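The values are calculated or read from the model by the stated rules, or taken from the named source; none is laboratory data. It should be emphasised that the depicted structure is a prediction, and the values quoted were computed from it without experimental measurement. In this analysis, Cβ positions are derived from the backbone assuming ideal geometry, glycine residues included, and neighbour counts consider all displayed protein chains. Note: accessible area is taken over every heavy atom of the protein model, side chains too, but ligands, DNA and RNA are not part of it. Shrake-Rupley method; radii C 1.70, N 1.55, O 1.52, S 1.80 Å.
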There are 2 protein chains.
Amino acid sequence: MENTDKSALERTYEANLPAFESISTLPEHGAECARCAAWLAARLRAIGMEAELLETKTKPVVYGCRKGDAGRPTVLFYGHYDVQPVDPLSFWQSHPFKAEQREGRIYARGAQDNKGQIVFFLSALQALIDQGALRCTVKVLIEGEEEAGSAGLRGALPGWNDKIKADVLMVCDSDCAAPGVPAIAMGLRGVIGLTVRLGGLKKDLHSGQHGGVVQNPALEMARLLATLHRPDGAVAVTGFYDGIAPVSDEERRLVACIPFDVEAYRAAVGVAPIGGEKGYLPRERSGFRPTIEVNGVHSGYGGPGTKTIIPAHAVAKLTARLVAGQEPQRCLDLMIEHLRSHAPAGLELEISEAEVAGPAMRCDPKSALVQRAAGVLKLIFEREPVFVWEGGSVPIVADLARIVKGNTLLVGFGLEADNVHAPNESFSLEQLKWGFLYAAMMLQELGRPCAA
Amino acid sequence: MENTDKSALERTYEANLPAFESISTLPEHGAECARCAAWLAARLRAIGMEAELLETKTKPVVYGCRKGDAGRPTVLFYGHYDVQPVDPLSFWQSHPFKAEQREGRIYARGAQDNKGQIVFFLSALQALIDQGALRCTVKVLIEGEEEAGSAGLRGALPGWNDKIKADVLMVCDSDCAAPGVPAIAMGLRGVIGLTVRLGGLKKDLHSGQHGGVVQNPALEMARLLATLHRPDGAVAVTGFYDGIAPVSDEERRLVACIPFDVEAYRAAVGVAPIGGEKGYLPRERSGFRPTIEVNGVHSGYGGPGTKTIIPAHAVAKLTARLVAGQEPQRCLDLMIEHLRSHAPAGLELEISEAEVAGPAMRCDPKSALVQRAAGVLKLIFEREPVFVWEGGSVPIVADLARIVKGNTLLVGFGLEADNVHAPNESFSLEQLKWGFLYAAMMLQELGRPCAA
């Protein structure tokens, strides 16, 4: 029996998209990813678009296009239909792939990230098409591997330049600053990574017989990692900061406006936000400053009690977050050069898995496009949006941003409470409706003859 | 059918002591340890001693005594009947608890460490008793937990002071410097240890959102561990070197005489012997200089590829080797104070498992006792013995050395080729005979009226 309290939007949403177990990182879910992509293509056709599945070396990409009026701009929407794994399953109150509505929220894996945000965008598109109100050309590109690195889409992109050419890129895969406080993401950091190993010993050695005779790889790894930063928290790799795009007075003013409650942060995370470089606000550090992070370090004994060994080797996993103006390959080369020149002479240093994921991306808060989005959000929320500079990286967005010459709008409607990537992911009906309004009004705004 | 090529010594040795599966660290071998102890007590009685099993909180200790002539000194012999585990069993050419003779060597777990060295000592004792030539009082103390920390014996020792009172301690649990080159161990290092944990984060954090905002426990652990040493390799903990007994010119001359082949070391270990403090020879560093070693460090991700997290915590296991004059509890307190004062303010530091295993022990190479042992070894080997300062620690020996006011003789007949603690442990018949000769002649020497 149909629940007549639910809107058509909710019914469509619950019944379909979150039901696909499209976990991109698990090979056994490949067929389910393909079924999800096929369903989305059918959905695009149902709302009046031409749609097809574009093959990549990995997961298929859903592509749809609806031609608009001549002389109006082309909008490219990017989203992803894949989701994170669901384990531990026992932590879920309801089945992650059987969407359930409780107290104004829809619970499912992908309920927000990114299926929920795709749903409101497509609903808005449908509404405009149904009412004959869509003026701009809209292209939709929904990939199936964002949670696993977007390798398929990245590899295929160079061949699709003509097909996906556009004037504006819209991405709805981020959060509001707080309930009722819209946000425009003005930047993403880039990311590079590598694995460093110090060894050379044939086996773990007796720490009595050999302590003070050989170099200790665990200790030398600590000393090597300690050279990566200066005492004030700045990265000590020579040349690492070269070329960083200057931060304008306006950006500095705006970043200081981002709500940041030190005590709330400490309560949520467990520690005070006092890492990184001295002399910058927390949101300046995550938005405008690069970092080098140790993601893990492992060497020798880790169990209870004592094992008096000198470990045969030590391994550390490193990533660096980059900001606008830093060339990723150069930064990676500089990090490797630093590690080589600071490594202890007597041990063997091995660098592996050195990889550029992607560069940083930054928008200009004063650009006409951003100002128009800010106007739309102000109309909806009756307050100015917050500009945020994300600390995270979505490398594929940086790639797509180049296609639209930087005319990128990153406006999403997630909230901290949504538990993305965690058990009991959900999305509130309230946020779904704000998202619908934004997408519809922004497409209307972009369809005006003045163009982006 | 008996193999008449084998001596009585070999037959006794093969048939009995190594057959007991006296692995102290495995609880299921407790009964076997007890049977081994009972066999040893019976053996002591068989050669003419009074013997008993002394109970401790863990494994029984075998105690034997044979009263000598009035006015002659008392010699305490210390050994251990327990052995290391045998895994991986598949690496053994013959069963580890069925002694097998091949090409002049006896193969079994404990063949050398320490059952083989006990065997030659008891054989020498038996020979002297049989011939009415034993003049000194001999006490034998054989514990069953040396490979697992000697907790039982250490706990019981204070109550046994009168029983085991002696003038000289003999221990045969070390190696010759090389085949044909006898060695007297002049020192053992002490050992202390602790576990240090840096945390406070409620969980692993996204390195993009939080990188540069919070302190990274893996990175901060590296920076903390890097403060433990100065650039020249010396320990940087304030006060750590206080009270270290000076090294005499004679000791410095003797340590320089210890054979040390840099290329052979590099070939065996895999790296050059260039760790520890600058300005000292390798054998000076392991014998006369304390160290702080990282036995293990673990934090965050260690698998293939990239996981962009800030690890919630980092754990490091540390031990320090101490030398004569360093007070272990004070050194442990200083290390803890150093870690506390250098820890990053924003993270939680936790020190656990802080423990003193035991102090260092050092003998005087010019003492009358050592000179007499050197004379005995010179007679047997027709060359001067080498004096070695061991880098390792046998904390219970340091405890026993106090009972004899430092009159300790650490002379053993193991060789590098014996594979102690490893598969295919063995002891050569040649070394068994050298050990027999040393034990017999040293007991004779100590039985002379001049006393130790």
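Any idea of the total accessible area buried by the A-B contact, 1.4 Å probe, rounded to 100 Å²?
The A and B chains share an interface burying roughly 5300 Å².
With a point put 7 Å past each Cα toward its Cβ, work out how far A:E263 is from B:S90 in nm, to one decimal.
Reported label-point gap for A:E263 and B:S90 is 6.2 nm.
Helix A:115-130 versus the longest principal axis of chain A: what angle, 0 to 90°, nearest 10, using Cα atoms?
Between helix and principal axis, roughly 20 degrees.
Within 10 Å of each Cβ in A:316-329, how many Cβ atoms from other chains are there, averaged over the peptide?
The shielding value for this peptide is 3.
Which ³J(HN,Hα) values in Hz, rounded to whole numbers, follow from the phi angles of region A:91-99 under the Karplus curve 6.51 cos²θ - 1.76 cosθ + 1.60, where θ = phi - 60° and Gly and Pro get x?
7, 7, 6, 9, 4, x, 10, 10, 4
Extension gain A:I336-A:A38, at 0.36 nm per residue separation less the Cα-Cα distance, in nm?
Using 0.36 nm per residue and subtracting the Cα-Cα distance, I get 102.9 nm.
Which loop trypsin sites (Lys or Arg not before Pro) in region B:59-130, with loop taken from DSSP, have no more than 16 other Cβ atoms within 10 angstrom of their Cβ?
When the trypsin sites (Lys or Arg not before Pro) of region B:59-130 are filtered for loop state and at most 16 Cβ neighbours within 10 Å, B:K67, B:K98 remain.
Cα atoms only, region A:157-204: Rg and Dmax in Å?
Both quantities, over Cα of region A:157-204: 21.6, 60 Å.
Looking at chain A, which longest stretch skips every one of the GluC sites (Glu not before Pro) that is in a DSSP loop with at most 13 other Cβ atoms within 10 Å, leaving the sites themselves out?
That gives A:104-381 as the longest site-free run.
7 Å along Cα→Cβ for the label point: how many nanometres lie between B:R252 and each equivalent label in the other copies, listed shortest first?
From this label point to the equivalent ones elsewhere in the assembly: 5.9 nm.
Place a point 7 Å from Cα of B:A46 in the direction of its Cβ. Which residues in region B:120-152 have their backbone N less than 12 Å from it?
Within reach of a label on B:A46, which here means backbone N under 12 Å from a point 7 Å along Cα→Cβ, region B:120-152 contributes B:123.
Express the relative contact order of chain A as a whole percentage, based on alpha carbon pairs under 8 Å and six or more residues apart in sequence.
It comes to 26 percent, rounded to a whole number.
Which of the residue pairs B:K67/B:K366; A:K433/B:K307; B:K59/B:K317; A:K366/A:K405; B:K115/B:K165; B:K317/B:K405 have a Cα-Cα distance greater than 26 Å in the structure shown?
Check vs 26 Å cut-off fails for B:K67/B:K366; A:K433/B:K307; B:K59/B:K317; B:K317/B:K405.
Once you charge only the Cβ atoms, +1 for Lys and Arg and -1 for Asp and Glu, what is the size of the charge dipole of region A:15-148 about its Cα centre, to the nearest 20 debye?
520 debye
At q = 0.07 Å⁻¹, what log₁₀ I(q)/I(0) does a Debye calculation on the Cα points of the protein assembly as shown give, no solvent, two decimals?
-0.69
Rounded to the nearest 500, what is the 222 nm mean residue ellipticity of chain A from helices alone, with -39500 (n - 2.57) per DSSP H run of 4+ residues and division by all residues?
-9500 deg cm²/dmol
Measuring from centroid to centroid over Cα atoms, what is the spacing of region A:307-351 and region A:198-266 in Å?
10 Å
Return the Rg/Rh ratio of region B:86-171 with Cα-based radii and a Kirkwood Rh.
Result for region B:86-171 is an Rg/Rh of 1.06.
Could you give the nm distance between label points at A:L379 and B:A70, where each point is 7 Å from its Cα heading toward the beta carbon?
11.9 nm
Over the alpha carbons of chain B, what is the largest minus smallest coordinate on each principal axis, giving the biggest first in Å?
Principal-axis extents of the Cα atoms in chain B, largest first: 82, 51, 47 Å.
Once phi is turned into ³J(HN,Hα) by the Karplus curve 6.51 cos²θ - 1.76 cosθ + 1.60 with θ = phi - 60°, what whole-Hz value does each residue of region B:42-58 show in order, with x for glycine and proline?
Using θ = phi - 60°, the values come out as 5, 5, 4, 5, 4, 8, x, 10, 7, 9, 7, 9, 9, 7, 10, 6, 10 Hz.
Distances from A:Q444 to the same residue in each other copy, label points 7 Å out along Cα→Cβ, in nm, shortest first?
Here A:Q444 shows inter-copy label distances of 11.3 nm.
In peptide B:228-238, what is the residue-averaged number of other protein chain Cβ atoms found within 10 Å of each Cβ?
Other-chain Cβ atoms within 10 Å of each residue's Cβ, averaged: 1.
Which whole-Hz couplings ³J(HN,Hα) result when phi for each residue of region B:217-233 is put into the Karplus expression 6.51 cos²θ - 1.76 cosθ + 1.60, θ = phi - 60°, listed in order with x for Gly and Pro?
Those phi angles translate into x, 5, 5, 5, 5, 4, 5, 5, 5, 5, 7, 6, 10, 7, x, 7, x Hz.
In nm, what does the list of distances from B:G302 to its counterparts in the other copies look like, shortest first, when each label sits 7 Å along Cα to Cβ?
0.4
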